[in-house]
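Below: the structure, in structure tokens.
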Amino acid sequence: MNKKNVETAKGARLRRRATATTLALCVLLPLVETDAGAQEAQLGDAAPAKGAISDKGQALDEVVVSASRTEQRVMDTAASISVINSRQIHDGQPEENLSEPLARTPGIFALNRQNYAQDLLISSRGFGANSTFGARGIKIFVDGIPGTAADGQGQISHIDLASADHIEVMRGPFSVLYGNSAGGVISVFTENGKPGTEATPYYSFGSYGQRKYGVKVDGEQNDINYVLDGGTLHTDGYRDHSAADRQNENAKLRLKIGQDTSLTLVANSVDLTALDPLGLTAAQLQANPRGASNVGIFDTRKSVDQTQGGLVLSQRFGANDSVTLSPYYGERHTIQYLASGPSGVVNLERDFYGMNSNWLHTGEVYGMPLKLVGGIDSNQNQDHRLTFTNSGGQQQVAATDQDYAMQARNLDVYLQGELRPSERLAFTAGARQSDTTLSANSNNTLPSLGSHTYQATTGMASVQYYVQENTNVYISYGSGFDTPTLNQILYSPNSVANLSLPNSGNIGLRAARTQQVEIGLKSEISRTAQLKVALFDAKTTDDIVIAASNGGKTAYLNAPQTSRKGLEISAQWQLPYQLQMSVAYTLLDAKIEQTYTETSTAGAVTSKNTVNRGNRIPGVPDGSLFAEMMWSKSDRSLEFALEGRAAGSIAANDLNMANASGYAIMNLRAIGRQQVGAWSISEFARVDNVFDRSYVGSVIVNQASSQFYESAPGRNWLAGVKATYKF
């Protein structure tokens, strides 16, 4: 990138950072004073976290909103939905990325690439496993504001775990009511401020030069509730050429405007710079798992600067009706240096905005409780994509440079209803009409890629029956809809398989359609134990799969038929002697149901390959297990935990000629807590991969040069401290 472009990018970054800082100051400055009464209210025993099993052994209700868009107990939903509570997110955890808390959730695979230039590889029951960056096939929300753009491409780098209160994760048929690319739903909720004012500085450090530090300020006064967090993460990286720096800022302000009106303002930003070590071949992995591939030739790296904000306005009308409006706007600027000469530097600017709205009605029909939720979702993103030639890590202008104006927009309408004829029986049904348009027009001599509109009506239905007061069974059905993203229509398979060929784009890529069925059981076995079991079967036509990946560029095609079948089990127990145990298990059979042909390349040779029926869908393990045993003193001043994590093997390409073996590792953590005057102090230390196992944490699907493998760290450690001062 030339000096002028560097200065322009830095200037834009500083302006956005100043905007976010100004907003944060506007939130904080009027609220810094507290009163003694508020302080005294905070000196009592802390309430147990939502969704946890209390220290006294009683199972607490988990309340979620993702399934029906209203507050509802997890045990009362006919959906596969999990809650990761505040203690599970924060206590003794790195708070580095979503792979940590999501490991506790069955059906979700969040594979850590050890590469901040490419994000995590997240899939839900196998949906989204073909994403080359960010999250695809999964809807992301933060405090009700979409983190998934109109084209279905989601971003997770702006999620601030340090100020997160809980995470709701939904899989299965209920997800289809979230529209395009909703193979699953991940909703992150920022914590609310506590009465009075408190400040929490935090610091952690560990292996591979990792440092994370920041400060969180929160409080509540006179119907004004606020949280502000700013944090910095640095790592030298486990692998060569994988260092990264990230700054996150997150602010939430809640206002109670009268008895029937509330307003929540949310703003967050992220500034990320990361080196990209690329994938390793099998030989490179064996010779040096911490190595990097060809990075000296192209100096592969990435920078991201994103700022977004939105508000959630809730208005109640009478006793039975309420309306929620959620407008938002954001800007994202990405510069990425790929392992390729032509178009090897991508400069992408994105503006994204929209408004989601819903209406809730509660009432009765012939004496039976009825709940209706309807809404309109409108989202749009405008992209300006420039490319340059990557010449030894420097950008150069060339005739092959891209200059595209790209756009995605969607308008969806939905209605969902729940009817309870009796205390034991519940019916839920819903439908959604989706319209999504993608377009890409060239601003230079390269041809435009055209535009295409995708339309679909999707729906779901479920029946839930309480066999006993605390045990219910259900069956659900849903039809899903998954359009390509703007990134997926960009390159034709031929141009990626052979980089010397001209690119005609891939606007003809069809949307995937999925039919899925789920049978489940939920049981509060006792006051101290819970069990959830789900069996699912999903069949997809025109699944969007990777056709070829070469030089940092990826092309896609439609596979005729694929399927995903599996079993999910999660359980929690409160045991004697202050012991708690939790387990999350997934068994997944994701495979090709109809043979198809794809293009591949090896050097200058391009060939056609047959993907056979019965092959595994690459990029997703065939199973996973998370198990945790935790001991805590009755006053929580000391806590020890043992974590076990295991994952099955992963196919690295559609031909199933390359695979990453499964693994099992063990982690240990310890936490100490003290109260010193107005200070609440906690320290933690953890050791991950205690037995120093060598394993592959993630793969790059269908990588043309067989650089499939992304190795995971051996034994590593982390320690940190938090100190909360109550004013």
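The values are calculated or read from the model by the stated rules, or taken from the named source; none is laboratory data. Note that the structure is predicted; figures quoted are calculated from it, not measured. Here the Cβ positions follow ideal geometry from the backbone for every residue, glycine too, while neighbour counts run over all protein chains shown. The area values use the complete protein model at the heavy-atom level, side chains included, leaving out ligands, DNA and RNA. Shrake-Rupley method; radii C 1.70, N 1.55, O 1.52, S 1.80 Å.
Summary of values
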read-out	value
Failed condition for Ile671, given (1) open to solvent by less than 50 Å² (accessible area, probe 1.4 Å); (2) assigned to a loop (DSSP other than H, G, I, E, B); (3) in contact (Cβ under 8 Å) with a residue 60 or more places away in the chain	(2)
Count of region 65-99 residues which are over 16 Å from the mean Cα position of the chain (by Cα), of a type in the set (Ser, Thr, Tyr) and assigned to a strand (DSSP E or B)	1
Where a residue in region 629-640 is farther than 17 Å from Gln675 by Cα and its partner, wherever it lies, is part of a loop (DSSP other than H, G, I, E, B) and modelled with pLDDT under 95, with Cβ under 7 Å and at least six apart	Trp631/Gln578
Test: residue in region 381-394 that is modelled with pLDDT under 95, in a loop (DSSP other than H, G, I, E, B), out of contact with any strand residue (DSSP E or B) (no Cβ under 8 Å at 6 or more places or on another chain) and surrounded by fewer than 18 Cβ atoms within 10 Å (Cβ to Cβ)	yes
Residue count, region 494-537 (criterion: part of a strand (DSSP E or B), open to solvent by less than 50 Å² (accessible area, probe 1.4 Å), of a type in the set (S, T, N, Q) and farther than 30 Å from Gln580 by Cβ)	2
Some residue of region 406-422 being within 30 Å of the chain's Cα centre (by Cα) and farther than 30 Å from Gly459 by Cα	no
Count of residues meeting criterion [open to solvent by 20 Å² or more (accessible area, probe 1.4 Å) and within 11 Å of Asp692 (Cα to Cα)] in region 714-724	2
In region 482-493, the residues that are open to solvent by less than 10 Å² (accessible area, probe 1.4 Å) and either farther than 18 Å from Gly341 by Cα or outside any loop (DSSP other than H, G, I, E, B) (or both)	Thr483, Pro484, Thr485, Leu486, Gln488, Ile489
Hits in region 644-662 - residues which are within 23 Å of the chain's Cα centre (by Cα), surrounded by fewer than 20 Cβ atoms within 10 Å (Cβ to Cβ) and part of a strand (DSSP E or B)	Gly644, Arg645, Ala646
Where Phe127 falls short, out of the listed (1) within 15 Å of Ile544 (Cα to Cα); (2) open to solvent by less than 10 Å² (accessible area, probe 1.4 Å)	(2)
Flag if Ala641 is open to solvent by less than 20 Å² (accessible area, probe 1.4 Å), out of contact with any helix residue (DSSP H, G or I) (no Cβ under 8 Å at 6 or more places or on another chain), at pLDDT 95 or above and not polar (S, T, N, Q)	yes
Within region 548-640, strands (runs of 3 or more DSSP E) holding 3 or more residues that are more than 27 Å from Ser340 (Cα to Cα)	553-575, 579-592, 623-632
Filter result for the condition that a residue is in contact with a helix residue (DSSP H, G or I) (Cβ under 8 Å, 6 or more places away or on another chain) and among the polar types (S, T, N, Q), over Ser124, Ser157	Ser124
Residues (open to solvent by less than 40 Å² (accessible area, probe 1.4 Å) and within 21 Å of Gly144 (Cα to Cα)) located in region 337-370	Arg350, Phe352, Gly354, Asn356, Ser357, Asn358, Leu360
Residue that is within 30 Å of Leu642 (Cβ to Cβ), of a type in the set (Lys, Arg) and out of contact with any Cys (no Cβ under 7 Å at 6 or more places or on another chain), where the choices are Lys591, Lys532, Lys608	Lys532
Options Ser378, Ser340, Ser357; residue that is touching a strand residue (DSSP E or B) at 6+ places or on another chain (Cβ under 8 Å), assigned to a loop (DSSP other than H, G, I, E, B) and of a type in the set (Ser, Thr, Tyr)	Ser340
Where a residue in region 474-502 is within 27 Å of Pro173 (Cβ to Cβ) and its partner, wherever it lies, is part of a loop (DSSP other than H, G, I, E, B) and of a type in the set (Ser, Thr, Tyr), with Cβ under 6 Å and at least six apart	Asp482/Ser181
Condition met for Gly230 (under 25 Å from the mean Cα position of the chain (by Cα) and at pLDDT 95 or above)	yes
Selection count, region 682-727, where residues are at pLDDT below 95 and in a loop (DSSP other than H, G, I, E, B)	9
Test: residue in region 162-171 that is crowded, with 24+ Cβ neighbours inside 10 Å, under 16 Å from the mean Cα position of the chain (by Cα), farther than 16 Å from Asn85 by Cα and at pLDDT 90 or above	yes
Any pair with Cβ under 7 angstrom, 6 or more apart, that starts in region 80-109 at a residue that is under 14 Å from Ile569 (Cα atoms) and ends at one that is among the basic types (Lys, Arg) and crowded, with 21+ Cβ neighbours inside 10 Å	Ser80/Arg171; Gly107/Arg125; Gly107/Arg171
Some residue of region 144-157 being in contact (Cβ under 8 Å) with a residue 60 or more places away in the chain, of a type in the set (Asp, Glu) and either part of a helix (DSSP H, G or I) or out of contact with any His (no Cβ under 9 Å at 6 or more places or on another chain) (or both)	yes
